Amino acid sequence: MGKIAVYPGSFDPITYGHIDIIERGLEIFDGVIVAIADNAQKKNLFTIDERVEMAKIALREMPDVVVENFSSLLVDYVEKTNAGVILRGLRATSDFEYEFHMAHMNKTLNKRLDTLFMMTGRDYFFISSRTIKEVASLGGDVNGLVPEIVVEHLRKKFKIRRSK
């Protein structure tokens, strides 16, 4: 089967920053599983089904990418997939402290797992799902920052008319 990485996150919604990490991950790994967290305690804009649908459509031309949702402990999910690596993107130094903490916790829970950190490409380091949602909610144009399927879903959520 080859070397597989799991790229976990809420992907609420998926952005070109996420896709940059996935594309570059595929240069290292034979496959990437995009594992979309279904955490009922987290207040997401999009349902788990919407997030999975958007990711599948955005990534449909990448045959070595699988999109799934999970609601278990990440280390248990990764173990179930037989992947040995967790792939994580870093936008800025502010991301590092949290990600460093989580990587050590995951390693404590499962000694066989490693976490690979990748810096998001310079064209996307300022993009976050939170910022995308905020800009879209105020009627801002997020074209070029997220796939078209995400733009469409954001327009529906916020009832924004297509710009002319």
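The values are calculated or read from the model by the stated rules, or taken from the named source; none is laboratory data. Everything numeric here is computed off the predicted structure, so don't read it as measured data. Neighbour counts run over all protein chains shown; Cβ positions are idealised from the backbone, glycine included.
Remarks
- Subset of the stretch 101-123 (residues that are in contact (Cβ under 8 Å) with a residue 60 or more places away in the chain, more than 16 Å from VAL85 (Cβ to Cβ) and touching a strand residue (DSSP E or B) at 6+ places or on another chain (Cβ under 8 Å)): THR120
- Pairs linking a residue in the stretch 79-100 that is free of Cβ contacts under 8 Å to residues at least 24 places away in the same chain to a residue that is assigned to a strand (DSSP E or B) and charged (D, E, K, R), with Cβ atoms under 6 Å and 6 or more positions apart or on different chains, are GLU99/ARG88.
- Residue within the stretch 33-40 that is out of contact with any helix residue (DSSP H, G or I) (no Cβ under 8 Å at 6 or more places or on another chain), closer than 15 Å to TYR77 by Cβ and β-branched (Val, Ile, Thr) present: no
- Residue check for ASN39: among the polar types (S, T, N, Q), at pLDDT below 95 and out of contact with any strand residue (DSSP E or B) (no Cβ under 8 Å at 6 or more places or on another chain): yes
- Scanning the stretch 83-109 for residues that are over 17 Å from ALA37 (Cβ atoms), surrounded by 15 or more Cβ atoms within 10 Å (Cβ to Cβ) and more than 17 Å from the chain's Cα centre (by Cα) returns GLY84, LYS107.
- Of all residues in the stretch 123-157, those satisfying the criterion of being charged (D, E, K, R) and part of a helix (DSSP H, G or I) are ARG130, LYS133, GLU134, GLU148, GLU152, ARG155, LYS156, LYS157.
- Matching residues, the stretch 110-150, being hydrophobic (A, V, I, L, M, F, W, C) and under 16 Å from the mean Cα position of the chain (by Cα): LEU116, PHE117, MET118, MET119, PHE125, PHE126, ILE127, ILE132, LEU145, VAL146, ILE149, VAL150
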